[in-house]
Number of protein chains: 2
Amino acid sequence: MSQKPKAVVLLSGGLDSATCLAIARDRGFAPLAISFRYGQRHLHELAAAARLAKALGAQRHMVADIDLRAFGGSALTADIAVPKDRAEGEMSSGIPITYVPARNTIFLSFALALAEVEQAQDIYIGVNAVDYSGYPDCRPDFIAAFEKMANLATKAAVGDGRRLTVHTPLITLSKAEIIKTGLKLGVDYGMTTSCYDPTPEGLACGHCDACKLRLKGFAEAGLTDPAPYA
Amino acid sequence: MSQKPKAVVLLSGGLDSATCLAIARDRGFAPLAISFRYGQRHLHELAAAARLAKALGAQRHMVADIDLRAFGGSALTADIAVPKDRAEGEMSSGIPITYVPARNTIFLSFALALAEVEQAQDIYIGVNAVDYSGYPDCRPDFIAAFEKMANLATKAAVGDGRRLTVHTPLITLSKAEIIKTGLKLGVDYGMTTSCYDPTPEGLACGHCDACKLRLKGFAEAGLTDPAPYA
């Protein structure tokens with residue numbers, strides 16, 4: 001049995017969260033991956049998450065069912081067109097239509113519950129404040145406020161004094177830096193999927209904000225994205 | 001169409017949340033009730049929530065499906081015996097086995113998402129710090145920290161400046177005071193259910209912590225509990 005401390009890692013199946021999982025393992029944690037079936041338009045990312053959890057040595061991979069479609073209002077869960085081929089200025093201005101209401105708050109709350117029952121004191125989330133695409137719940141002040149709340153929320157923290165830390169190892173990295181970090185740690189980015197609007201076969205569209213940020217990251221790192229594109 | 005501002009009200013089907021819903025309506029809000037099918041041992045409380053939402057004038061009643069059983073570890077969701085006939089000193093010492101990991105954090109996160117899509121700026125939750133039965137996520141400092149986090153989490157708050165408030169109108173009231181408040185506002189407590197371990201027909205056991213606190217509240221208010229007991 002591993003005597004390593006456990007860390008809960010939010011794993012979407014994308015490039016950032018895969019890197020985050022590799023970092024948690026590299027830092028000496030036994031990673032427990034958690035993914036969500038949240039009414040997303042496509043399930044390729046859950047298949048990718050399962051492959052990544054295995055390949056990157058997660059001790060457990062939990063898939064939680066939560067229906068965010070009931071809330072409506074996002075291009076990632078509702079029948080609204082995903083924006084394509086937007087210029088960078090357009091991407092960074094305002095909060096995009098692909099925003100899902102309170103998504104990271106809900107995801108982190110589930111991670112908190114899993115951490116408590118697994119007696120883990122660490123949560124890893126691959127949020128990024130450099131090319132974060134405009135989501136408020138990816139910002140450092142949000143993460144700090146969540147961590148503070150979490151330490152008042154659980155029996156583990158309040159009753160037993162097991163302080164919880166939310167780690168955001170990617171928060172100040174560019175996409176190119178994230179890719180270089182992951183490659184050093186053995187991440188196979190061909191297994192990851194970032195596209196908001198893939199083909200039915202799971203090929204990335206190459207034109208949504210997520211694809212454009214990702215392709216730009218590989219280009220800046222002087223590399224070619226190994227993931228399959230349409 | 002009502003021009004009243006909307007408020008999201010967490011509605012369990014119990015005495016406290018029913019009172020909370022009546023208070024939100026009395027304060028001029030159009031209440032939007034939210035309940036959870038979270039793997040609880042019995043669904044009588046969801047039936048009670050639906051009746052209460054209708055009787056107390058909720059504009060909408062959303063039931064969100066989330067499976068907290070996957071986390072295990074609580075007598076409210078797992079196959080662990082509910083403690084019975086505990087003395088008051090025993091009840092108030094420590095955090096009980098009926099604690100569900102991060103439950104209010106998860107519930108409030110969903111309420112936050114619903115508030116955002118409904119453009120509500122107010123959430124009501126019936127937590128109580130007097131006879132709160134030992135749950136950390138019912139305490140005032142937890143609620144304050146959640147509210148602070150919530151105001152950094154959403155497009156509504158960060159992008160559009162719609163500040164969110166979490167109201168806890170019961171937090172300093174005794175059970176007897178809650179009951180008297182609700183009766184003035186027309187709550188039919190015969191429609192509510194508080195028991196952790198009811199009979200298959202939905203009759204309250206009268207012996208779990210929740211039943212004992214409730215019966216004591218009615219006794220202190222000089223009243224008889226109209227709910228059906230086994």
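The values are calculated or read from the model by the stated rules, or taken from the named source; none is laboratory data. All figures in this text were calculated on a predicted structure; none of them were measured in a lab. Note that each Cβ is placed from the backbone with ideal geometry, even for glycine, and that neighbours are counted across all protein chains shown.
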Can you tell me which residues in the range A:110-160 are facing another protein chain (nearest Cβ under 10 Å), closer than 22 Å to A:Pro31 by Cα and among the aliphatic types (A, V, I, L, M)? A:Ala111, A:Leu112, A:Ala113, A:Leu114, A:Ala115, A:Val117, A:Ile143, A:Ala144, A:Ala150, A:Ala156, A:Ala157
Select from the range B:1-43 the residues that are of a type in the set (Val, Ile, Thr) and within 23 Å of B:Asp225 (Cα to Cα) and list them in ascending order. B:Thr19, B:Ile23
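Every residue in the range B:116-142 that is in contact (Cβ under 8 Å) with a residue 24 or more places away in the chain, under 23 Å from B:Cys211 (Cβ atoms) and in a loop (DSSP other than H, G, I, E, B), please. Show your work before the answer.
Step one: of the range B:116-142, the residues in contact (Cβ under 8 Å) with a residue 24 or more places away in the chain are B:116, B:118-131, B:133-138, B:140, B:142.
Filter again for under 23 Å from B:Cys211 (Cβ atoms), leaving B:125-131, B:133-138.
Residues satisfying the conditions are B:Ile125, B:Gly126, B:Val127, B:Asn128, B:Ala129, B:Val130, B:Asp131, B:Ser133, B:Gly134, B:Tyr135.
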Name the residues in the range A:40-80 that are closer than 21 Å to A:Ala204 by Cβ, modelled with pLDDT of 90 or more and not in a helix (DSSP H, G or I), would you? A:Leu56
Can you pull out the residues in the range A:174-225 that are hydrophobic (A, V, I, L, M, F, W, C), over 14 Å from the mean Cα position of the chain (by Cα) and assigned to a loop (DSSP other than H, G, I, E, B)? A:Leu185, A:Val187, A:Leu203, A:Cys205, A:Ala221, A:Leu223
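Checking the condition among the small types (Gly, Ala, Ser), crowded, with 24+ Cβ neighbours inside 10 Å and assigned to a helix (DSSP H, G or I), which residue from B:Ala157, B:Ala113, B:Ala145, B:Ala153 passes? Before you say what the answer is, go through the steps one by one.
On the way: B:Ala157 fails: crowded, with 24+ Cβ neighbours inside 10 Å; B:Ala145 fails: crowded, with 24+ Cβ neighbours inside 10 Å; B:Ala153 fails: assigned to a helix (DSSP H, G or I).
One residue alone meets the criteria, B:Ala113.
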Filter the range B:182-222 down to residues that are under 19 Å from B:Leu11 (Cβ atoms) and among the hydroxyl-bearing types (Ser, Thr, Tyr) and give me whichever is surrounded by the fewest Cβ atoms within 10 Å (Cβ to Cβ). B:Tyr196
Which numbered condition B:Ile171 fails, given (1) within 14 Å of the chain's Cα centre (by Cα); (2) buried (at least 18 other Cβ atoms within 10 Å of the Cβ); (3) aliphatic (A, V, I, L, M): (2)
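Taking the condition of being within 18 Å of B:Asp137 (Cβ to Cβ), among the polar types (S, T, N, Q) and modelled with pLDDT of 95 or more, how many residues in the range B:1-34 meet it? Break it down stepwise before answering.
Start the filter on the range B:1-34 by keeping residues that are within 18 Å of B:Asp137 (Cβ to Cβ), which leaves B:8-12, B:14, B:16-17, B:20, B:34.
With the extra rule that they be among the polar types (S, T, N, Q), the set shrinks to B:12, B:17.
So of that shortlist, the ones also modelled with pLDDT of 95 or more come out as B:17.
Qualifying residue count, the range B:1-34: 1.
Which ones in the range A:28-39 are assigned to a strand (DSSP E or B) and either away from chain B (no Cβ under 14 Å) or of a type in the set (Gly, Ala, Ser) (or both)?
Residues satisfying the conditions are A:Ala30, A:Pro31, A:Ala33, A:Ser35.
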Do we find a residue being surrounded by fewer than 22 Cβ atoms within 10 Å (Cβ to Cβ), in contact with a strand residue (DSSP E or B) (Cβ under 8 Å, 6 or more places away or on another chain) and in a helix (DSSP H, G or I) anywhere in the range A:9-27? yes
Single residue of the range A:82-109 satisfying the filter (modelled with pLDDT under 70 and at the interface with another protein chain (Cβ under 8 Å from one of its Cβ atoms)) that is surrounded by the most Cβ atoms within 10 Å (Cβ to Cβ): A:Tyr99
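One line per residue, one yes/no per condition, for (1) of a type in the set (Val, Ile, Thr); (2) touching a residue at least 24 places away in the same chain (Cβ under 8 Å); (3) on the phi > 0 side of the Ramachandran plot:
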| site | (1), (2), (3) |
| --- | --- |
| A:Ile179 | yes, yes, no |
| A:Leu185 | no, yes, no |
| A:Gly190 | no, yes, no |
| A:Ala204 | no, yes, no |
| A:Gly217 | no, yes, no |
| A:Gly222 | no, no, yes |
| A:Pro228 | no, yes, no |
